[in-house]
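A short write-up of the structure that comes next.
The values are calculated or read from the model by the stated rules, or taken from the named source; none is laboratory data. Please read all numbers here as calculations on a predicted model, not as lab measurements. All Cβ positions, even for glycine, are placed from backbone atoms using ideal geometry, and neighbour counts span all protein chains on display. The area values use the complete protein model at the heavy-atom level, side chains included, leaving out ligands, DNA and RNA. Shrake-Rupley method; radii C 1.70, N 1.55, O 1.52, S 1.80 Å.
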Amino acid sequence: DTGVSQDPRHKITKRGQNVTFRCDPISEHNRLYWYRQTLGQGPEFLTYFQNEAQLEKSRLLSDRFSAERPKGSFSTLEIQRTEQGDSAMYLCASSSFTSGGAIVAEQFFGPGTRLTVL
Amino acid sequence: AQSVAQPEDQVNVAEGNPLTVKCTYSVSGNPYLFWYVQYPNRGLQFLLKYITGDNLVKGSYGFEAEFNKSQTSFHLKKPSALVSDSALYFCAVRDGDYGGATNKLIFGTGTLLAVQP
């Protein structure tokens, strides 16, 4: 399968614990995005990378959240000192980009990591 | 600010009948518009997009969408619904004129499509 993969698919943690999620994008895609989806809502943008550079962060991304993409391939999203309000589905997406290109590429989404904070 | 509205939480249609899932948007510049579908316990799957050009866009699984600039709408349509089309549908917009500096998608709240046999 050459799609976007995410690990783990499910995570249950206690309030105050730290959690880390991993996303492996489609191999030739240089843009990677993180979104958060809560029940009954559409995905909300958190942050995105072009290669290893984090180019945009949402105000939703509090200081407890940090994302990395150290080698421009896979990415990790860490949540420190989890709170019950962090319970959500965390979605990763990737897309391709070529400098000077006029084509707006669609984002391809992974299956998500469902986080439950007790 | 960019926004997307999907006014219907649920759309019910009989198999074989045409379906429409509504979407309206608000952006400061020219919109890039997308439709995604989400099946239970699965990620979002891309259906189609409008960037520029022909207002009628054709996508996967027989779906199409019509961009209407004057009504700021991008409704999803299919001439003949299948039971297997039952899923959650999301409309999304990206502001195409935001200096190229943002690539985030703004999603609507989703519309549950239920196709009855």
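Observations on the model:
- Boolean, residue A:15 is touching a helix residue (DSSP H, G or I) at 6+ places or on another chain (Cβ under 7 Å), over 30 Å from residue B:5 (Cβ atoms) and charged (D, E, K, R): yes
- Residue within the range B:60-80 that is closer than 14 Å to residue B:11 by Cα, open to solvent by less than 70 Å² (accessible area, probe 1.4 Å) and of a type in the set (A, V, I, L, M, F, W, C) present: yes
- Among residues of the range A:6-37, those that are at pLDDT 95 or above and surrounded by fewer than 17 Cβ atoms within 10 Å (Cβ to Cβ), counted: 13
- Those strands (runs of 3 or more DSSP E) lying entirely in the range A:6-104 with at least 1 residues closer than 22 Å to residue B:41 by Cβ: A:10-13, A:19-24, A:31-37, A:44-50, A:75-79, A:88-95
- Consider the range B:17-31 and keep the residues that are small (Gly, Ala, Ser) and closer than 21 Å to residue B:57 by Cα. The one that is farthest from the other protein chains (Cβ to nearest Cβ) is B:26.
- Per the listing B:71, B:45, B:38, B:10, the residue uniquely over 30 Å from residue A:54 (Cβ atoms) and touching a strand residue (DSSP E or B) at 6+ places or on another chain (Cβ under 7 Å) is B:10.
- A Cβ distance below 8 Å, combined with a sequence gap of six or more or placement on separate chains, defines the contacts here; from the range A:73-87, residues that are modelled with pLDDT of 95 or more reach residues that are outside any loop (DSSP other than H, G, I, E, B) and of a type in the set (Gly, Ala, Ser) in the pairs A:75/A:67; A:76/A:67; A:77/A:66; A:77/A:67; A:78/A:66; A:78/A:67; A:80/A:66.
- Flag for residue A:45 being out of contact with any Pro (no Cβ under 6 Å at 6 or more places or on another chain), within 8 Å of another protein chain (Cβ to nearest Cβ) and buried (at least 16 other Cβ atoms within 10 Å of the Cβ): yes
- Options B:11, B:27, B:37, B:83; residue that is of a type in the set (Val, Ile, Thr), closer than 28 Å to residue A:3 by Cα and open to solvent by less than 50 Å² (accessible area, probe 1.4 Å): B:37
- Every pair of residues 6+ apart whose Cβ atoms lie under 8 Å, when the first sits in the range A:55-67 and is without any contact (Cβ under 8 Å) to a residue 24 or more places away in the chain and more than 14 Å from chain B (Cβ to nearest Cβ) while the second is in a strand (DSSP E or B) and surrounded by fewer than 16 Cβ atoms within 10 Å (Cβ to Cβ): A:65/A:78; A:66/A:78
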